[in-house]
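Here the structure comes first, spelled out in structure tokens, and everything after it is commentary.
Every number here is computed from the coordinates shown, using simple stated rules; none is lab data. Everything quoted here is computed from the prediction, not taken from an experiment. Every residue, glycine as well, gets a Cβ built from its backbone with ideal geometry; the counts of neighbours run over all protein chains shown.
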Amino acid sequence: MIRRVASQMAMLGLILLSMMALSGFHRSFLCIDARVQPPRAQTPATLQELPQMPRASLGTEWSSWAATGLLAAGAAALAWRSQARDDSSTTMYGGHDKRTFRGKLHAHTFGKFRLRKGKKRRIKAIKNGTFDASKVVQRGQPEPEHPWDLDNLIENPLYYAPDYFTEVLYDYWGDVNDKMREKWQEYMGVKGNQRYFKNWSPPEMNA
């Protein structure tokens, strides 16, 4: 939008400059007259003392027209470049153009000041009373096991840990595992870290 307005202003300036040159407002029209003038009568002495308008030389005339031409060419180039930028297929349909949805996602600028589409639909469904939590598909749950988990690092022979550290850690994990295994139906295979249920099965399932 800004580029389009700039191109229109540049084109308007170019048109006004051309009109001024053609209408005689340019200083070259006021300072030099190339037409052959008939001989004039002698100027009275009283008029000779008055200041006369300075006449421009031929070099000054060409310099003035050169500056005017360069200004007009620059305005035309700016207008063409702005118009070409707006109408460029590479820019308009490029994969990383920030004026498109895909380009905003690539530049990480889409979700800063607006809700994601999924979250917007979720909030709208909650307000309308049509949200069903049982139909929500969980993503990334339960949390998978990673090689960098602390219990896996302790058992890794390449990782060194003092004996007092491992003893205290296993005692702590024993207490936490007992608490989490009491509510295994809520967490086991459903959500959260599954370290508490590693190499363990519920008594109800073994019966």
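Quick look at the numbers
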{"read-out": "Of Pro162, Tyr172, Gly192, farthest towards positive along the dipole that unit charges on Lys, Arg, Asp, Glu beta carbons give region 150-206", "value": "Gly192"}
{"read-out": "Pairwise FRET efficiency - Gln138 versus Val168, Cβ, R0 = 30 Å, nearest 0.05", "value": "0.30"}
{"read-out": "Extension gain from Lys179 to Arg195, taking 0.36 nm per residue of separation minus the Cα-Cα distance", "value": "4.5 nm"}
{"read-out": "Diffusion constant of region 150-206 at 4 °C, which comes from Stokes-Einstein with the Kirkwood Cα-pair radius and 1.567 mPa s, µm²/s", "value": "102"}
{"read-out": "Given Lys119/Lys183; Lys117/Lys191; Lys124/Lys191; Lys119/Lys191; Lys124/Lys179; Lys104/Lys124, the pairs whose alpha carbons are separated by over 28 Å", "value": "Lys119/Lys183; Lys124/Lys179"}
{"read-out": "Gyration tensor (alpha-carbon) shape descriptor, region 107-207, a/c threshold 1.5", "value": "oblate"}
{"read-out": "Estimated FRET transfer efficiency (Asn128, Leu16; beta-carbon r; R0 35 Å; 0.05)", "value": "0.05"}
{"read-out": "Within region 134-170, backbone nitrogen closer than 19 Å to the virtual label 7 Å beyond the Cα of Arg121 toward Cβ", "value": "134-140"}
{"read-out": "Loop chymotrypsin sites (Phe, Trp or Tyr not before Pro), region 110-167 (other Cβ atoms within 10 Å of the site Cβ: 14 or fewer; DSSP)", "value": "Phe113, Phe131, Trp148, Tyr159, Tyr160"}
{"read-out": "Those trypsin sites (Lys or Arg not before Pro) in region 122-186 that DSSP places in a loop and that have at most 14 other beta carbons within 10 Å", "value": "Arg139, Lys183"}
{"read-out": "Total charge dipole magnitude, region 150-206, about the Cα centre, Cβ charges on Lys, Arg, Asp, Glu only, Debye to nearest 20", "value": "300"}
{"read-out": "Fully extended contour minus Cα-Cα distance, from Phe110 to His146, at 0.36 nm per residue", "value": "9.8 nm"}
